[in-house]
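Asker: Take a look at this one; I'll ask things after.
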Amino acid sequence: QRLLYHAPDNPSQESPFDRAIVQVVHGQEVCIVSPYIGLKYLHRMIRMSHSWRLISDVLEWLSATPVKERDTVYDFLKEHDGLIHHYPAIHAKTVVSSVGAYTGSANLTDSGVLRRTEFGVLITDSVQVQEIQRWFDAIWAQTSPPPLQRVLELINELNRISRVATQFVDLRAIQLESEARRVRAKLVKILGHEPLSVNTRLQRNELMPSR
């Protein structure tokens, strides 16, 4: 087991949560549990994995998603119908494969993994990993994909509530002063999964032999 947290004296280093998740998902059959998901980070995990399944509270997922991105979540649910099960009120954040399991407080979003003070654990003990896998499989067997028509209706209702709320509530974030260092971590660089910078591409082109 390895405890995971951003170093208080260097919160801008590579994210220990992302590093653990990369270790768990890379080339593996992956099982994911989280009610709060960012599609960008989910796609990152999917691209690295061999195959995947996801359990989420779809209502919470959509509620926490910005209005302009909810239709994109619907499109994702439709495209991957059968790989995502809806479990009302689930709050666990867990990623498990045959090589290990990550669990912790961080939501599976860029913000949760890179910019919030979170705590988690990477488990590689085979007995415990198998227990977590059995837990996932038991929940998977009890649940089913969300009905897509109902998801559309839910999005419309959530959007209506959001429009009403903005008329009465000042949504600007109010910050309390603190001397704590803000977390601004980085994703782990994995060959083939991170875009190259413009300078790097130019340098590589200069090194390539001319034809």
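The values are calculated or read from the model by the stated rules, or taken from the named source; none is laboratory data. Everything numeric in this text was worked out from a predicted model, so none of it was measured. Note that we place each Cβ from the backbone using ideal geometry, even for glycine, and neighbour counts take in every protein chain shown. Side chains included, ligands, DNA and RNA excluded: accessible areas come from the protein's heavy atoms. Shrake-Rupley method; radii C 1.70, N 1.55, O 1.52, S 1.80 Å.
Asker: Just name the residue that is nearest to L152 (Cα to Cα) out of those in region 73-89 that are loosely packed, with under 12 Cβ neighbours inside 10 Å and either touching a strand residue (DSSP E or B) at 6+ places or on another chain (Cβ under 6 Å) or free of Cβ contacts under 8 Å to residues at least 24 places away in the same chain (or both).
Answerer: Selected residue: D75.
Asker: Follow-up question, since we're still on this one. Would it be correct to say that H50 is of a type outside the set (A, V, I, L, M), open to solvent by 10 Å² or more (accessible area, probe 1.4 Å) and closer than 30 Å to E157 by Cα?
Answerer: Numbers: of a type outside the set (A, V, I, L, M): yes; open to solvent by 10 Å² or more (accessible area, probe 1.4 Å): yes; closer than 30 Å to E157 by Cα: no.
No.
Asker: What is the one condition in (1) at pLDDT below 95; (2) open to solvent by 100 Å² or more (accessible area, probe 1.4 Å) that I190 does not satisfy?
Answerer: Every condition holds for I190 apart from (2).
Asker: Let me ask you something else. Please go through region 1-41 and give me each residue that is in contact with an Asp or Glu (Cβ under 8 Å, 6 or more places away or on another chain), part of a loop (DSSP other than H, G, I, E, B) and either open to solvent by 20 Å² or more (accessible area, probe 1.4 Å) or on the phi > 0 side of the Ramachandran plot (or both), ordered by number.
Answerer: Residues satisfying the conditions are Q1, Y5, Y36.
Asker: Quick one: how many residues across region 105-127 are in a helix (DSSP H, G or I) and either surrounded by 14 or more Cβ atoms within 10 Å (Cβ to Cβ) or in contact with a Leu (Cβ under 8 Å, 6 or more places away or on another chain) (or both)?
Answerer: Total meeting the criteria: 4.
Asker: Tell me, please, whether a residue that is without any contact (Cβ under 8 Å) to a residue 24 or more places away in the chain and charged (D, E, K, R) can be found in region 51-72.
Answerer: Within region 51-72, the first condition is being without any contact (Cβ under 8 Å) to a residue 24 or more places away in the chain, and the residues that meet it are 51, 65-66, 68.
When the remaining residues are screened for being charged (D, E, K, R), the result is 68.
Scanning region 51-72 turns up at least one residue that is without any contact (Cβ under 8 Å) to a residue 24 or more places away in the chain and charged (D, E, K, R).
Asker: Within region 144-151, does at least one residue satisfy the condition of being under 26 Å from H80 (Cα atoms), β-branched (V, I, T) and part of a helix (DSSP H, G or I)?
Answerer: Yes, some residue in region 144-151 is under 26 Å from H80 (Cα atoms), β-branched (V, I, T) and part of a helix (DSSP H, G or I).
Asker: Please enumerate the residues belonging to region 85-111 that are under 17 Å from L3 (Cβ atoms) and small (G, A, S).
Answerer: G100, A101, G104, S105, A106
Asker: Do the conditions hold for I55, that is, is it under 21 Å from E153 (Cα atoms) and open to solvent by less than 30 Å² (accessible area, probe 1.4 Å)?
Answerer: When the stated conditions are applied, I55 passes them.
Asker: Restricting the search to region 66-87, which residues are assigned to a loop (DSSP other than H, G, I, E, B), more than 20 Å from Q28 (Cα to Cα) and modelled with pLDDT of 95 or more?
Answerer: Across region 66-87, the qualifying residues are D81, Y87.
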